[in-house]
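Here's the structure we're looking at; comments come further down.
Rule-based calculations on the coordinates, nothing more; no lab input. Remember, predicted model here, so these are calculated numbers, not experimental data. A quick note on method: Cβ atoms are made from the backbone with ideal geometry, for glycine too, and the neighbour counts reach across all protein chains shown.
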Amino acid sequence: MSRIFISKDPKDLSIELQALVQKGVLEAQSLIDFSAVPFACPPAHDILFIASIRAADFFFATCQTSAQIACAGLETAKKVAERYQKEVHFIAQQSDQPVLEAQKFNVWRNGRSVCFPSSQLSVGTYAAMIPQSEKTILPVYNTRFKNLQIKEKDIYVFSSPSNVRAFLEHNTISAQAQVVAWGSSTAQELEKKQISVSKVLNGQQQADLITWLSKVL
């Protein structure tokens, strides 16, 4: 049976993926951790753009907002709605296509001001398309790489560019392994490191991963 690694904590996995952890097929381990940074709540803004539930957690631990909320992906939007009882007004439907979704967001934004709570390592695809005068980049947490060595696997699933970089600081991937990327930003990071990508996960990534694994295992 194939051995699988995913760069996410077990508690963040769906029931189906947690079942693979229980069977010993899947090793789930985030390769990064996070710490809050001091920040002041931002001035008034029209839109709060949340790229991950982590950004939401650090932001709402200190601040509230009356702004409309936009989210980079269906899973993030669902968690924000459930955890913080917030209505989400814009959801990027194809999180594996951040440039395309950023263009759609900018049309929807229509000149309104945006606050981006983020990590110091944020890629910033959405913010890059917005004039400086119409955005606030708000670092709310730091990302740190863990020093972990992962036993060789047949399939590697990377959930972010940061997890790719953290993994490669202390590990290698054999040429025979299959590599799965959580969206196109992660795929680009892997390709930048000359690592071939077998599958890019779309939309509801965990469900997409389960479907793909059912075909290859």
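Basic side chains Lys and Arg get +1 at the Cβ, acidic Asp and Glu get -1 at the Cβ, and with that the dipole of the stretch 44-143 about its Cα centre reaches some 80 debye.
Taken about its Cα centre, the stretch 88-195 carries a charge dipole of roughly 260 debye when the Cβ of each Lys and Arg holds +1 and the Cβ of each Asp and Glu holds -1.
Of Gly203, Gly124, Gly111, which has the largest mean-square fluctuation in a 10 Å C-alpha GNM of the chain? For the chain, modelled as a Gaussian network with Cα springs under 10 Å, the answer is Gly111. Site-free segments of the chain were taken between GluC sites (Glu not before Pro) in DSSP loops having at most 16 other Cβ atoms within 10 Å, sites themselves excluded; the longest one is 1-86. Partner aspartates and glutamates whose Cα lies under 17 Å from the Cα of Lys215, excluding those fewer than 8 positions away in the same chain, are identified as Glu16, Asp154.
Couplings for the stretch 165-170, taken from phi via the Karplus curve 6.51 cos²θ - 1.76 cosθ + 1.60 with θ = phi - 60°, read 4, 5, 4, 6, 5, 9 Hz in order; Gly and Pro are left as x. By the Cβ distance rule of under 4.7 Å, the chain has these cysteines without a partner: Cys71, Cys115. For the stretch 44-143, a/c is less than 1.5, where a ≥ b ≥ c are the root eigenvalues of the C-alpha gyration tensor. That puts it in the rounded class.
Looking at this model, which pairs from Lys11/Lys78; Lys146/Lys192; Lys104/Lys199; Lys79/Lys104; Lys8/Lys199; Lys11/Lys192 are more than 26 angstrom apart at the alpha-carbon?
Values: Lys11/Lys78 16 Å; Lys146/Lys192 21 Å; Lys104/Lys199 24 Å; Lys79/Lys104 22 Å; Lys8/Lys199 17 Å; Lys11/Lys192 30 Å.
Too far apart for the 26 Å limit: Lys11/Lys192.
Would you tally the net charge around Ser66, using a Cβ to Cβ cut-off of less than 15 Å, leaving Ser66 out, and scoring K and R as +1, D and E as -1? Charge balance near Ser66 sits at 0. What the phi angles of the stretch 57-67 give under the Karplus curve with 6.51, -1.76 and 1.60, with θ = phi - 60°, is a coupling list of 4, 5, 5, 6, 5, 10, 10, 10, 8, 9, 6 Hz, glycine and proline written as x. By DSSP, the beta bridges lying fully in the chain are antiparallel in about 15 percent of cases. Computed from backbone phi, the HN-Hα couplings of the stretch 133-150 come to 6, 10, 9, 10, 8, 10, x, 10, 7, 9, 10, 10, 7, 8, 8, 10, 10, 9 Hz, rounded to whole numbers (Karplus: 6.51 cos²θ - 1.76 cosθ + 1.60, θ = phi - 60°; Gly and Pro given as x).
Counting charges near Ala166 (Lys, Arg +1; Asp, Glu -1) among other residues having Cβ under 10 Å from its Cβ returns a value of +1. Counted by neighbouring Cβ atoms within 10 Å, the residues Lys199, Lys193 run from fewest to most as Lys193, Lys199.
Give me the net charge for the shell around Ile4: Cβ to Cβ below 14 angstrom, other residues only, Lys and Arg +1, Asp and Glu -1.
Result for the local shell: +3.
The distance separating the Cα centre of the stretch 114-134 from that of the stretch 176-217 comes to 25 Å.
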